[in-house]
Amino acid sequence: MAAEKRIIPCLDIKDGKVVKGVNFVDLVDVGDPVEIACRYEEQGADEVVFLDITATHEGRDTIYSLVEHAAKRLSIPLTLGGGIRNASDFRKALDCGAFKVSINSAAAANPDLIKEISEGFGKHRLVVAIDGKKTGDGYRVFTKGGREDAGFDLVEYAKKCEELGAGEILLTSMDGDGTQDGYDVAMTKAVCEAVNIPVVASGGCGKVSDIIDVFKQTDCDAALAASLFHYGMATVSEVKREMERNGIPCRKSRG
């Protein structure tokens, strides 16, 4: 039986509020993170991601207290990303109730951190987030909220992350972020074909059919979306019903 595909709402958080922007900028406030996460769980979300989108850029700690509050109310896994700089930060995130923790800029700056965390906490807890951008005939890795070119080819970096012990890759198209023009299928497909660990497609989802397309055209294990859910264009339940109609395996929708 084919593995069930996951639907993961992402909550980009700034100043304690969920925000949404386009290409990582022009942010607008869309509500309270904990209440929104609980609503998505009720709709049938498989997981949720809290992403502190300015912690790394601002050089501050991430949103531990908010995660602790949310984890007490959620029964589905919560992944925390943003501002995780070292193994100590990683441990603190787990202690606050995160089931998985995502590292991005810190991993690109020091890839050995992936190995250290994977060996110390288990690869099933470690998500390496990669922000990719098309450049010429390939893709490059960007860090610090998409502000800096990390100097890596995207596909080669994804393979290295797997070798070092990443349990999952959260792959975001910077070109697609917030545009609602659909996932970068070519980029997602290239990474899925290069690695054997789960890949979460992210960046650009604007309609339910975008999720159907990325599952049909790539081997990604999950689809992450924000605008689609935050702006009420679809519920998680509606997405899962459409997946079922298209023969895409998933946990049953609610409602």
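What residues qualify as long-range amide H neighbours of Asp52, i.e. H under 5 Å apart, gap of 5 or more or another chain, H built at 1.01 Å from N?
It is Ile13, Gly81, Gly82, by chain and number.
Given the chain, report the % of alpha carbon pairs whose separation exceeds 30 Å.
18
Going from the alpha-carbon gyration tensor of the range 113-255, what semi-axes, largest first and in whole Å, does one get by taking the root of 5 times each eigenvalue?
That gives 26, 18, 14 Å for the three semi-axes.
What's the magnitude of the charge dipole for the chain around its Cα centre, counting Lys and Arg as +1 and Asp and Glu as -1 at the beta-carbon? Answer in Debye, nearest 20. Kindly include the intermediate steps, with their values, before the conclusion.
Working: 32 positive and 41 negative charges, 109 e Å.
Dipole of the chain, to the nearest 20 debye: 520 debye.
For the chain, what does the accessible surface come to per residue with a 1.4 Å probe? Please give it in Å².
On the way: 10720 Å² over 255 residues.
Value returned for the chain: 42 Å² of accessible area per residue.
What does the charge count around Lys160 come to, taking other residues whose C-beta lies under 13 Å from its C-beta (Lys +1, Arg +1, Asp -1, Glu -1)?
Local net charge: -3.
Can you send over the carbon and sulfur percentage of the accessible area for the chain, probe radius 1.4 Å, protein chains only?
46
Sorted by mean Cβ packing within 10 Å, highest first, what order do the peptides 203-210, 108-115 take? Write down the numbers at each step before the final one.
Numbers: 203-210: 21.5, 108-115: 17.1.
Put in order of decreasing packing, that is 203-210, 108-115.
If the only charges are +1 at each Lys and Arg Cβ and -1 at each Asp and Glu Cβ, what is the size of the charge dipole of the range 68-176 around the Cα centre, to the nearest 20 debye?
Computed about the Cα centre, the dipole is about 400 debye.
From the phi of every residue in the range 48-53, what ³J(HN,Hα) in whole Hz does the Karplus formula 6.51 cos²θ - 1.76 cosθ + 1.60 yield, where θ is phi - 60° and glycine or proline is x?
9, 10, 9, 10, 7, 7
Express in Å², to the nearest 10, the accessible area of Asp181 obtained by rolling a 1.4 Å probe over the protein heavy atoms while all chains stay in place.
Solvent-accessible area, nearest 10 Å²: 120 Å².
The values are calculated or read from the model by the stated rules, or taken from the named source; none is laboratory data. Just so it is clear, the model here is predicted, and its values are computed rather than measured. For neighbour counting, all protein chains shown are included, and Cβ atoms are generated from backbone atoms with ideal geometry for every residue, glycine included. Side chains are part of the model used for accessible areas, which takes the heavy atoms of the whole protein and leaves out ligands, DNA and RNA. Shrake-Rupley method; radii C 1.70, N 1.55, O 1.52, S 1.80 Å.
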